[in-house]
Amino acid sequence: MKHLVSVSDLSREAAIAILDTSLEMSEVNDRDIKKLPTLRGKTVVNLFFEDSTRTRISFEVAAKRLSADVINFAAKGSSVSKGESLKDTAQTLEAIGADAVVIRHHASGAAHMLANSGWVKGSVINAGDGTHEHPTQALLDAFTLRSAIHADARGKGLDGVAVAIVGDIAHSRVARSNLVLLKKLGAKVYLVGPPTLLPSALISQADGYSYSLDDAIATFKLDAVMMLRVQLERMTAGFFPSEREYARIWGLNADRLALLGSNTFVMHPGPMNRGLEIDAAAADSKNSLVLKQVANGVSVRMAVLYHLLSGGENE
Ligand code: CP
């Protein structure tokens, strides 16, 4: 595999292989010296046209822990603000000598374009493109859930695990990648949210859906709820009456957390709108995997870089 643009690029076996390598990487990350020589001499460029905290920082840490050189490029403060195109930006980075380009872009399809354009010779990793996909987020979510459910997770999928993805599904690349990857790993995936934010094309791929979080909690025996950020910046219309109404009907609060019970994990890709899609009672609860998701992001991105850049050849 040369690029990671979509979770559809991965077979179940390839996804499990990355999750197993992530486990190895997490053991490296638990050591005092968190460094491997695997990618010495390689250059990884982080090309971010959209804001990011978790993804950008964890890709940088991941590449450095594998001994790669890292160039961080943010559109803000670059010649993109003078009108330079994606093609010219990519070719400039190619001239500098990039073995991998990690790209986040506001346009759905930007990562696919870069991977298939010939503008760069190295690997392309999609770090989130518009409302399309965020494959490394889905991998880190699957890794986090698998580790929470299985004491010895190596080699395992998520067969029979019931997950509800809740909220602003229409605008969520995280939901699209998770729906496909979780199902590939054998999970049952339910979509929950307001009718205006639940596209029928995605409902048809899920194991069930509900327009009511309360009904979903009562109906589906959930092992995990994956709350999504309400992406107000992508909304061009009134998708729900008010933020207060959204929080009342679809927010994960203390009452709903109690209804879910002590065996259901709470997930959120971040950044969280506390008080809107999730309350502190849920985000900071003992069932919350939110910070584990962030920490696992480094191990999973190390594994992805390792698989793409070393061809999985190094021990
Ligand atoms: N989950 C996620 O992609 O977060 P960032 O936007 O901070 O990278």
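Would you mind putting 294-300, 164-170 in packing order, based on average other-beta-carbon counts within 10 Å, highest first?
Details: 294-300: 23.4, 164-170: 26.9.
In descending order of packing, they fall as 164-170, 294-300.
Divide by every residue of the chain the summed helix terms, -39500 (n - 2.57) for each DSSP H run of at least 4, and state the resulting mean residue ellipticity at 222 nm, rounded to the nearest 500 deg cm²/dmol. Show your work: numbers first, answer last.
Values: 12 runs with 126 residues, N = 315.
Mean residue ellipticity, 222 nm, calculated: -12000 deg cm²/dmol.
What does the convex hull of the alpha-carbon atoms of segment 216-315 project to on average, in nm²? Display every interim value, and only then the final one.
Values: hull surface 36.2 nm².
Its Cα hull, projected and averaged over all orientations, spans 9.0 nm².
Given a Förster distance of 45 Å, report the FRET efficiency between Asp159 and Glu245 from their Cβ-Cβ distance, rounded to the nearest 0.05.
Details: r = 37 Å, r/R0 = 0.83.
With a Förster radius of 45 Å, E is 0.75.
Starting from 0.36 nm per residue, how many nanometres of slack lie between Lys82 and Lys35 once their C-alpha separation is accounted for?
13.1 nm
Apply the Kirkwood formula to segment 135-293: the hydrodynamic radius equals the inverse of the mean of 1/r over all pairs of different alpha-carbon atoms; give it in Å with one decimal.
Working: mean 1/r = 0.0648 Å⁻¹.
Here the Kirkwood hydrodynamic radius works out to 15.4 Å.
Under a cut-off of 16 Å between alpha-carbon atoms, report the lysines in cross-link reach of Lys2, not counting same-chain residues fewer than 8 places apart.
Lys42, Lys121
Rank the residues Arg65, Arg301 as a footprinting-exposure proxy: fewest other Cβ atoms within 10 Å of their Cβ go first. Mind showing how you got there, number by number?
Numbers: Arg65 22, Arg301 28.
Sorted ascending by nearby Cβ count, the order is Arg65, Arg301.
How large is ³J(HN,Hα), in whole Hz, for each residue of segment 75-80 in order, when computed from phi with the Karplus curve 6.51 cos²θ - 1.76 cosθ + 1.60 and θ = phi - 60°, using x for Gly and Pro?
Result, ordered by residue: 4, 5, x, 10, 6, 4 Hz.
With N set to the residue count of the chain, report its C-alpha Rg divided by 2.2 N^0.38 Å to two decimal places. Write out the running numbers ahead of the final one.
Values: Rg = 19.2 Å, N = 315, 2.2 N^0.38 = 19.6 Å.
The chain yields a ratio of 0.98.
Return the lysines within reach of Lys188: Cα separation strictly under 16 angstrom, same-chain partners fewer than 8 residues apart disregarded; answer none if there are no such residues.
Answer for Lys188, where 16 Å is the Cα cut-off: Lys156, Lys221, listed by chain and number.
Given H placed on each backbone N at 1.01 Å, which residues far from Ala162 in sequence or on other chains put an amide H within less than 5 Å of it?
Lys188, Asp223, Ala224
Expressed in nm to one decimal, what extension gain is obtained for the pair Thr53 and Asn116 from 0.36 nm per residue of sequence separation less their Cα-Cα distance? The partial results should precede the final answer.
Numbers: separation 63, 0.36 × 63 = 22.68 nm, distance 2.71 nm.
Contour length minus the Cα-Cα distance gives 20.0 nm.
Values in this text are rule-based calculations from the coordinates and carry no lab data. Worth saying up front: this structure is predicted, and the values here are computed from it rather than measured. We place every Cβ from the backbone using ideal geometry, glycine too, and count neighbours over all the protein chains shown.
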